[in-house]
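The values are calculated or read from the model by the stated rules, or taken from the named source; none is laboratory data. What you are looking at is a predicted structure, and each value in this text was computed from that prediction instead of being measured. Cβ placement follows ideal geometry from the backbone for every residue including glycine, while neighbour counts extend to all protein chains displayed. For the accessible areas, the whole protein counts, side chains as well, though only heavy atoms, and no ligand, DNA or RNA atoms are used. Shrake-Rupley method; radii C 1.70, N 1.55, O 1.52, S 1.80 Å.
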Amino acid sequence: MTARRTSSGGLIERSRTIGFTFDGRSYTGHSGDTLASALVANGVTLVGRSFKYHRPRGIFTASVDEPNALVTILKDGVREPNIPATQIELFEGLEAESQNRFPSLEFDLGALNQLAGRLFSAGFYYKTFMGPVIGPLRGTRFWMICEHFIRRAAGLGRAGYKPDPARYERMNAFCDVLIVGAGPAGLMAAEAAMSSGKRVILAEQEPHLGGSARWSGEMIGGKAAADWSQDLARRIDASENVRILTRTTAWGYYDGNNIAALERVTDHLADAPKGAPRHRNWAIRADTVVLATGAFERPIVFPGNDRPGVMLAGATERYAREFGVLPGEKIALFTNNDSAYRAAAALRQFGATIMAIIDVRAKISPAARALAEEAGVEPLLGFAVTATVGRRLTKVLVRRFDAETERLSGDARPIEADCLAVSGGWSPAIHLASQAGRNPKWDEELCAFLPPEPTQAWAGAGAFTGAVTTAEALSTGRNAGLKAAGKKLSRAKLPEVTAPNLDIHPASVFEIKGNGKAFVDFQHDVTVEDVRLAHREGFVSVEHLKRYTTLGMATDQGKTSNVPGLAIMADARGLPIRDVGTTRFRPPFSPVSIGALAAEKYGHFKPDRLTPMHDWHVEHGARMMNVGLWHRPMIYGQPGETVEQAYTREAATVRRSVGIVDVSTLGKIAVKGPDAAVFLDRVYTNQFSTLPINKARYGLMLRKDGIALDDGTTWRLGEHDFLMTTTTANAGRVMQHLEYVLDVVWPDLKVHLTSVTDQWAGAALAGPNARKVLETCVAGSAVDNEALPFMGLVYGEIDRAPVLVCRLSFSGELAYEVYCGAGHGKHVWEALITAGEPHGIAPYGMEALGALRIEKGHVTGAEIDGRTTARDLYLDWMLSKKKPFIGSALMDRPGLIEKTRLRLVGVISLDGRPLGGGAHIVESGDLNELGESIGHITAFCYSPALAQYIGLALVKGGKELHGKRAYISDPLRKHFGPVQIVSHHFFDPEGKRMHG
Amino acid sequence: MLIPCPHCGPREVSEFSYQGDATRTCPELTSTDVKAWYDYVYNRPNPAGPHREYWQHSGGCRAHLIVTRDTRTHEIHDVAFARAALNRAGEQA
Amino acid sequence: MVERQSPLTPIFRPAVHSNDVGSISITLSEVTPLSIVEAACWPGLNERLTAAIQEVTGLSVDTTPNAGVVGRGTAAFSIGPDRYLVSGEEDLSARLARVLSEETGTVTDLSHGRTTFRVSGTRAEWVLSKLFAIDFSPAVFPVGEGRATAHHDIFAQIQRSDAAQFDLYVFRSFARAFWNTLCTAAEEVGYEVIEA
Ligand SMILES: [Zn+2]
């Protein structure tokens, strides 16, 4: 192997040696190396196997556009696949693995796929799914047979199974000017913008500022370009109003001039500092954006163009000048433009032998000729590479080539080479621009798409605009920076650039036709033949072509393959490229970790919402459950109890003596103002204007379309002061509904709404001994039947804390709800528990609460499910006939009063087995002739009062089915059994207990 | 997408809740004109272009806004407080 | 009277949590104003509402959106059109209700319902920018002003109470979750939890 580190030169720190492993073998590199440059320096040029055919692949580029050298990083026991080696900074102990090979990179069984090449041609997946009917191998079945094999053979890296221990963050930033890209143009823009005092952010995806200045070998302002860029970067860094973000890729351009950018904060470090996120996903809102994203070099497509050793010319130059690495000893170059000549001269200068410069053009510029002379070679003009030879490249074959007619002639001539540097011209990196602009414009001179007209506030600079020289980059950069900062353009002299006067406008040659596989998209293994096949099969739109062949759909998003692919399509269609058009680039520009998108939501998607008594519940053995965001006790289990035993005991204690449940989660809304009563009359189906002060009423709300929305009690605290409660689940929805009608439907009403859910802690005390408990602990007010009748409320104190006690019942027992300031919640709760101890008070959880309400037939969200009406739930009695209300106009339309509607009933299990939520109810007991579902179970429990499994259900006909036998069909839980349909008021239907 | 709230300034769309078509007016509650109610509750023109719609700044000042938004581009032409605008309209009527 | 319990009670510990390089860039604390009140007026009566706030608290608040002012042990800021959050003395709600007639507006006590966290220090803007999509720079968000915004499900009303200090009012039930989020976000720059 002949790739090697040069003896001097480059921007690496040669004094600092770093050890790393690749596929288990140890190597060393230097500080400043990427994994790619270090591998090349160690002579490792075979780094991966290709996606479909498992062809050996080498490092192809030096940057984010890398299609081949994807590796898996192992860090902290976690596998992170598909990272381009060109983007990995070397650190001590770095562990990397090659991908998609079995058993090893050198000997890979999957390479047999190459023999089955036809199988994997364009549209393979579609054709297989839709496959012809050939006996048992019909389309989908064939797919299933193949799947196992394909899943193993095709693909990229393998993800790990361990949770990712890294942390990720989001960061919101605001600035006047955001500059994307810190090459010569971006640096000039930043310098110009910062002098205005505006807030500037400069984002650069590489670890260092400078871009091409770091490896162009040019002179700027009388200094080596790399030094010039470092000096300028230092000046910019010293400015207070500029924030520099390195290792930060702007990956999406969104509405409102919002740019998403991923900062890789700790990937380059062996150990992440405490608290530092691995990746930080920036959401940057900028008044103006300067896009100085540069240009990507693209390859020429020719047979054998994917052989390890073939590399982009600019990349070879960068490896030499920035990293002090030669990708080969005997290097040939193949080009259609002048830029490869500079690379040739650089490689020669660093010690390589230039074997040939093969140029498709018949004529070149004097500057190119001079560089060829420096490289010590006479260019082969009017030639093209037609084949490559060697497991790793050993030679290339060239033939005469006419760039006008694209015809080859003469015999193939071998040229010895261990590296072939290719340049097919330069394409501006218009990815972000095309997300915030109209259609890109094809430029015949540059043979590339130029940035579109902006649809958002951005301006371009440098090579991104199609500018080809560094001098132009400096001037367009400064102008863009000044303009973005709202300053006048400057006439001050720009730094002088000394550079060869090259013409990088390429000859319009994208492909050399010949025998053998020629790859367009290396990462997805899309060949020229795939593109032509797609065309023959009728895929002419570029959007279809892309999806059918998967060209440009790999993780590199076709950075190297886009233009060649379009050119080949245009050729197949006999159209100019301009008329073929291009696909729109979508975010992300380069892959973004899912962790960065989840950011601080990683590991816990939703915040925990806790009641003031939460810690008491946990301390007293409650098993907590999530109800929306809230944590609520499910049961307070005792040792050895099952869930059913626990809630049965809790519910039975309520019916027998007294229980207490935390109801702080109920939605609470303060409704205040002179029009509060009028407002409530309109939003509730029943009347509230007639409610006396210090009384409560149960209320029902409908939606505009007549469907039930929510229920709850509302208390009148003053003439114009109401406290509304909603169900826990609907608190937010009801608040929004009320705010909406107040802002939009009756904007003239003087009513204020404030969410006071969190202001009040609530405890419901229920059971025949509830009053006795209150009597021993409430001071300042009597709580007897006279002072506190059903639906009455009083103010008092419990253990010195002010409370509001309302008598109402959800359980059907004599019951009270005690409210106090949330900060007193635990204090009051504990006082109630103490007062209840003589009566054996039981705290009860959601399960017992559910059992008690099912026994009473009270509805909740399971029945108010967004489909049921008040009549469906037998709540007609709450529909006032004296006044209109929201929903009254549409609640009785024909569809909502049909006989076949699902209506509320009770259900008793007749086989002694629990019912299942969502289980269907059928009339037939014959498992083979079930007939249609007539409804479903909404809630179920074991009823301690009835000593039976019972449930609530919505069934066709409702009440009319009372007394009938039916069956529940619950195949998921393997339950089919008889039930009796009864009234939903299972227990104490007259309500004697709660009025007692 | 950003919505420039007249109280809070431009904020991310994630702070807002879409609250429906603002070109429809709720009939009087006393109205029994079923067609008018159907139109209000169900019928929507769904234009490709500028559209008046309600957005609540639910993750901010809680006010409902009338936003004129181009449904093709998300460009926002106009924003006003719904309550103030509707009250003004009510006085003029 | 019984003392109001903080939602952080079992987890709040004054302590130093320095970052990797041993520095502390912010302090976190729970401040407990004796009262937190929402005062709101009917459209067009903003002047009367701010006059009432001034009468009770001595704070002179502008009627412009986001306006606010911080005084000694008391503060007020706009949280929406015609709505202000006022913090201060024990009986603030009753005193405001006395001077604010029903023709002008309403007062709602939120002393138990909101928890107030104070974030101060040189990196306060940086840490809060991780959680909220609003611009915390002093030129855009000057001392005294308020903002209503949200961190995912957690609604927050924020006042800049000093050059490098923010007071965040969050719903009490979310306080513990938000406090943990805040501490996690602050780890990078190093933080100290202090008693207010
Ligand atoms: Zn707002």
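Does at least one position in the stretch C:104-116 carry a residue that is within 26 Å of C:SER25 (Cβ to Cβ) and either within 7 Å of chain A (Cβ to nearest Cβ) or touching a helix residue (DSSP H, G or I) at 6+ places or on another chain (Cβ under 8 Å) (or both)?
Applying the first criterion (within 26 Å of C:SER25 (Cβ to Cβ)) to the stretch C:104-116 yields C:115-116.
Remaining after also requiring either within 7 Å of chain A (Cβ to nearest Cβ) or touching a helix residue (DSSP H, G or I) at 6+ places or on another chain (Cβ under 8 Å) (or both): C:115.
Yes, because at least one residue in the stretch C:104-116 is within 26 Å of C:SER25 (Cβ to Cβ) and either within 7 Å of chain A (Cβ to nearest Cβ) or touching a helix residue (DSSP H, G or I) at 6+ places or on another chain (Cβ under 8 Å) (or both).
Out of curiosity, is A:GLY812 touching an Asp or Glu at 6+ places or on another chain (Cβ under 8 Å) and within 21 Å of A:THR713 (Cα to Cα)? Against the criterion (touching an Asp or Glu at 6+ places or on another chain (Cβ under 8 Å) and within 21 Å of A:THR713 (Cα to Cα)), A:GLY812 qualifies.
Taking the numbered list (1) over 22 Å from A:ARG993 (Cα atoms); (2) open to solvent by less than 10 Å² (accessible area, probe 1.4 Å); (3) away from chain C (no Cβ under 14 Å) in turn, A:ILE798 passes all entries but (3). In this entry, A:GLU786 passes the filter for residues that are over 24 Å from C:MET1 (Cβ atoms) and outside any strand (DSSP E or B). Among the residues making up the stretch A:801-813, those that are open to solvent by 10 Å² or more (accessible area, probe 1.4 Å) and either in a loop (DSSP other than H, G, I, E, B) or touching a residue at least 40 places away in the same chain (Cβ under 8 Å) (or both) are A:LEU808, A:SER809, A:PHE810.
Just checking, which of A:LEU474, A:LEU502, A:LEU482, A:LEU446 is in contact with an Asp or Glu (Cβ under 9 Å, 6 or more places away or on another chain) and either crowded, with 18+ Cβ neighbours inside 10 Å or assigned to a helix (DSSP H, G or I) (or both)?
Numbers: A:LEU474 fails: in contact with an Asp or Glu (Cβ under 9 Å, 6 or more places away or on another chain); A:LEU482 fails: in contact with an Asp or Glu (Cβ under 9 Å, 6 or more places away or on another chain); A:LEU446 fails: in contact with an Asp or Glu (Cβ under 9 Å, 6 or more places away or on another chain).
After applying the criteria, what remains is A:LEU502.
Looking for something open to solvent by 20 Å² or more (accessible area, probe 1.4 Å) and within 30 Å of A:VAL741 (Cα to Cα) - is there at least one such residue anywhere in the stretch A:903-924? Yes, some residue in the stretch A:903-924 is open to solvent by 20 Å² or more (accessible area, probe 1.4 Å) and within 30 Å of A:VAL741 (Cα to Cα). The listed residues are A:GLY294, A:GLY309, and the only one of them that is open to solvent by 10 Å² or more (accessible area, probe 1.4 Å) and under 33 Å from the mean Cα position of the chain (by Cα) turns out to be A:GLY294.
Quick check: is even one residue across the stretch C:87-96 within 12 Å of chain A (Cβ to nearest Cβ), open to solvent by 20 Å² or more (accessible area, probe 1.4 Å) and hydrophobic (A, V, I, L, M, F, W, C)?
No, there is no match, as no residue in the stretch C:87-96 is within 12 Å of chain A (Cβ to nearest Cβ), open to solvent by 20 Å² or more (accessible area, probe 1.4 Å) and hydrophobic (A, V, I, L, M, F, W, C).
From the list A:LEU946, A:LEU972, A:LEU952, pick out the single residue that is surrounded by fewer than 17 Cβ atoms within 10 Å (Cβ to Cβ) and not in a helix (DSSP H, G or I).
A:LEU946
Would you confirm whether or not the stretch A:459-467 contains a residue that is open to solvent by less than 30 Å² (accessible area, probe 1.4 Å), in contact with an Asp or Glu (Cβ under 8 Å, 6 or more places away or on another chain) and in a helix (DSSP H, G or I)? Reasoning before the result, please.
Start the filter on the stretch A:459-467 by keeping residues that are open to solvent by less than 30 Å² (accessible area, probe 1.4 Å), which leaves A:459-462, A:464, A:466-467.
Adding the requirement that they be in contact with an Asp or Glu (Cβ under 8 Å, 6 or more places away or on another chain) leaves A:462, A:466.
In the following step, the residues that additionally are in a helix (DSSP H, G or I) were identified as A:462.
The answer is yes; a qualifying residue exists.
Would you mind finding the one in A:ARG348, A:ARG369, A:ARG392 that is outside any strand (DSSP E or B) and at pLDDT below 95?
On the way: A:ARG348 fails: at pLDDT below 95; A:ARG369 fails: at pLDDT below 95.
The conditions single out A:ARG392.
For the condition surrounded by fewer than 16 Cβ atoms within 10 Å (Cβ to Cβ), closer than 29 Å to A:ALA260 by Cα and within 16 Å of the ligand (Cβ to nearest atom), B:SER58 does not qualify. Within the stretch A:15-60, being open to solvent by 10 Å² or more (accessible area, probe 1.4 Å), of a type in the set (Lys, Arg) and not in a loop (DSSP other than H, G, I, E, B) holds for A:ARG16, A:ARG25, A:ARG49.
Out of everything in the stretch B:38-49 that is aromatic (Phe, Trp, Tyr) and open to solvent by 30 Å² or more (accessible area, probe 1.4 Å), what residue ends up being nearest to the ligand (Cβ to nearest atom)?
Filtering the stretch B:38-49 down to residues aromatic (Phe, Trp, Tyr) leaves B:38, B:40, B:42.
Now drop any that are not open to solvent by 30 Å² or more (accessible area, probe 1.4 Å), which leaves B:38, B:42.
Details: B:TYR38: 33, B:TYR42: 29 Å.
Within the stretch B:38-49, the match that is nearest to the ligand (Cβ to nearest atom) is B:TYR42.
This table checks each residue for (1) under 14 Å from the mean Cα position of the chain (by Cα); (2) more than 16 Å from the ligand (Cβ to nearest atom); (3) without any contact (Cβ under 8 Å) to a residue 60 or more places away in the chain; (4) surrounded by 14 or more Cβ atoms within 10 Å (Cβ to Cβ).
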position: B:ILE3; (1), (2), (3), (4): yes, no, no, yes
position: B:HIS51; (1), (2), (3), (4): yes, yes, yes, yes
position: B:ASP70; (1), (2), (3), (4): yes, yes, yes, yes
position: B:GLN92; (1), (2), (3), (4): no, yes, yes, no
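Condition check ((1) buried (at least 19 other Cβ atoms within 10 Å of the Cβ); (2) part of a helix (DSSP H, G or I)) across all residues:
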| residue | (1), (2) |
| --- | --- |
| A:LEU700 | yes, no |
| A:TRP715 | yes, no |
| A:THR725 | yes, no |
| A:GLN736 | no, yes |
| A:LEU742 | yes, yes |
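Is it the case that A:GLU240 is within 14 Å of chain C (Cβ to nearest Cβ), of a type in the set (Asp, Glu) and closer than 30 Å to A:LEU74 by Cβ? Give the derivation first.
Values: within 14 Å of chain C (Cβ to nearest Cβ): yes; of a type in the set (Asp, Glu): yes; closer than 30 Å to A:LEU74 by Cβ: no.
So A:GLU240 does not fit the description; no.
From the residues in the stretch B:72-89 that are within 16 Å of the ligand (Cβ to nearest atom) and more than 8 Å from every other protein chain (Cβ to nearest Cβ), which one is surrounded by the fewest Cβ atoms within 10 Å (Cβ to Cβ)?
Quick first cut of the stretch B:72-89, residues within 16 Å of the ligand (Cβ to nearest atom) only: B:76, B:78-85.
The next check asks that each one be more than 8 Å from every other protein chain (Cβ to nearest Cβ); those that pass are B:76, B:78-80, B:85.
Working: B:ILE76: 20, B:ASP78: 12, B:VAL79: 16, B:ALA80: 14, B:ALA85: 17.
So, considering only residues that are within 16 Å of the ligand (Cβ to nearest atom) and more than 8 Å from every other protein chain (Cβ to nearest Cβ), the one surrounded by the fewest Cβ atoms within 10 Å (Cβ to Cβ) is B:ASP78.
Hand me the list of helices (runs of 4 or more DSSP H) wholly inside the stretch A:609-690 holding 3 or more residues that are under 22 Å from C:GLN5 (Cβ atoms) and open to solvent by less than 10 Å² (accessible area, probe 1.4 Å). Spell out the reasoning first.
On the way: elements: A:614-619, A:643-656, A:676-683.
Hits in the stretch A:609-690: none.
Per-residue answers, yes or no, for (1) within 16 Å of the ligand (Cβ to nearest atom); (2) over 16 Å from the mean Cα position of the chain (by Cα):
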position: C:PRO10; (1), (2): no, yes
position: C:GLY44; (1), (2): no, yes
position: C:GLU55; (1), (2): no, yes
position: C:VAL69; (1), (2): no, no
position: C:ASP82; (1), (2): yes, yes
position: C:HIS112; (1), (2): no, no
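Per the listing A:ALA598, A:ALA572, A:ALA567, A:ALA554, the residue uniquely in a loop (DSSP other than H, G, I, E, B) and either in the same structural domain as A:THR249 (by TED's automatic domain parsing) or out of contact with any Leu (no Cβ under 6 Å at 6 or more places or on another chain) (or both) is A:ALA554.
So, C:ASP62, is that one acidic (Asp, Glu) and away from chain A (no Cβ under 13 Å) or not? When the stated conditions are applied, C:ASP62 passes them. All conditions but one from (1) open to solvent by 20 Å² or more (accessible area, probe 1.4 Å); (2) farther than 28 Å from A:PHE51 by Cα; (3) assigned by TED's automatic domain parsing to the domain that holds A:GLU263 apply to A:ASP579; the one that does not is (3).
In the stretch A:610-629, the residues that are within 10 Å of chain C (Cβ to nearest Cβ) form Cβ pairs under 6 Å with partners that are assigned to a helix (DSSP H, G or I) and open to solvent by 30 Å² or more (accessible area, probe 1.4 Å), at six or more places apart or across chains, as follows: A:LEU610/C:ARG176; A:PRO612/A:LYS826. Quick one: in the stretch A:832-846, of everything that is in a helix (DSSP H, G or I) and buried (at least 23 other Cβ atoms within 10 Å of the Cβ), which residue is nearest to the other protein chains (Cβ to nearest Cβ)? Among residues in the stretch A:832-846 that are in a helix (DSSP H, G or I) and buried (at least 23 other Cβ atoms within 10 Å of the Cβ), the one nearest to the other protein chains (Cβ to nearest Cβ) is A:LEU832.
Applying the criterion of being of a type in the set (Phe, Trp, Tyr) and more than 8 Å from chain A (Cβ to nearest Cβ) to the residues of the stretch B:7-37, the residue that is nearest to the ligand (Cβ to nearest atom) is B:PHE16.
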